[in-house]
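Just so you know, all these numbers are worked out from the coordinates, no wet-lab data involved. No experiment lies behind these values; they were computed from the predicted model shown.
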Amino acid sequence: MLAGVGKTILSYRHPEIFELTNNSSIAIDFLHQEFSNVDDVGIAFVYFDHARTVTAEDILGSLVKQLVHRRGNPSKGLTDLYSQHRERRTRPTYLELAKLLETEVREFSKVFVVIDALDECPVQNDTRTKILKEVSKLSTVRVMMTGRPHVTAVMLSSFGEACDVPIRARDEDIDKYTKERIHLNENLSRHCLRSEGLEETIRQTVVSKAGGM
């Protein structure tokens, strides 16, 4: 599978900001460059990986941390919450972190959030539902999400003003990639040299079966 294809990019509120991006890492780099000298614009991102177990609290906490780092100094709400839990030796709850995220977002004129691989976000304990719920209700937040096609409906239903952009690999790119992989594999390339038409058959089969993935 070619990296970054077979996914959908969904942009929420002013999607044109991501018009020139091909994937989330490019979008993040673009945002940091575009707003490098703009203090009142927040930038945060989340990358999901099925191999890592995360909770809604982990994600909300990460978003808060990134926004605080971006601004340079913590809000009173954050310092107060930290002091409370430090004394009790406890961790902030989901509701506390959701409220704190809302508070931190208000410190900026607008905030960009990039969520990559939503399809790999855990569905256990309603993690995906909770994250989408909290992010979608932040009025000054612009969101870009990527995910496999089966979560497109989930993404679209969570945001009222959204557009989705399917990403599909071109057949010629898949063919070129397959050809390179054949030539890099010593055993396979030897078989192709011995059997006339084998390489062409492999390449055509891969392209026809890939379906843009």
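For THR205 and LYS137, calculate 0.36 nm times their separation in residues minus their Cα-Cα distance, and state this gained length in nm to one decimal. All intermediate terms of the calculation are to be shown ahead of the outcome.
Numbers: separation 68, 0.36 × 68 = 24.48 nm, distance 4.60 nm.
Roughly 19.9 nm would be gained on extension.
Taking the radius of gyration and the Kirkwood hydrodynamic radius from Cα positions alone, what is the Rg/Rh ratio for region 171-210, to two decimal places? Provide the component values of the computation, followed by the final result.
Details: Rg = 9.6 Å, Rh = 10.1 Å.
Rg/Rh for region 171-210 comes to 0.96.
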Most fluctuating residue given options GLU120, GLU107, GLU200, as computed from a GNM of the chain linking Cα atoms under 10 Å: GLU200
Proximal lysines to LYS209, defined as alpha-carbon separation beneath 16 angstrom and excluding residues fewer than eight positions away on the same chain: LYS176, LYS179
Whichever aspartates and glutamates have a C-alpha closer than 19 Å to that of LYS133, once near sequence neighbours (fewer than 8 apart) are set aside: GLU57, ASP58, GLU96, GLU102, GLU104, ASP116, ASP119, GLU120, GLU161, ASP164
For region 42-54, 3J(HN,Hα) per residue [Karplus equation, 6.51 cos²θ - 1.76 cosθ + 1.60, θ = phi - 60°, Hz, x = Gly/Pro]: x, 9, 8, 9, 9, 10, 9, 9, 4, 7, 10, 8, 10
Of LEU132, LEU188, LEU60, the one that fluctuates the most in a GNM where the chain has Cα springs shorter than 10 Å: LEU188
Cα-based reach from LYS76 at 18 Å (exclusive), listing lysines while leaving out same-chain residues under 8 positions away: LYS65, LYS99
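Suppose we look only past 28 Å in the calculated P(r) of the chain. What percent of the Cα-Cα pairs does that tail hold?
On the way: 9255 of 22578 pairs.
Everything past 28 Å amounts to 41 percent.
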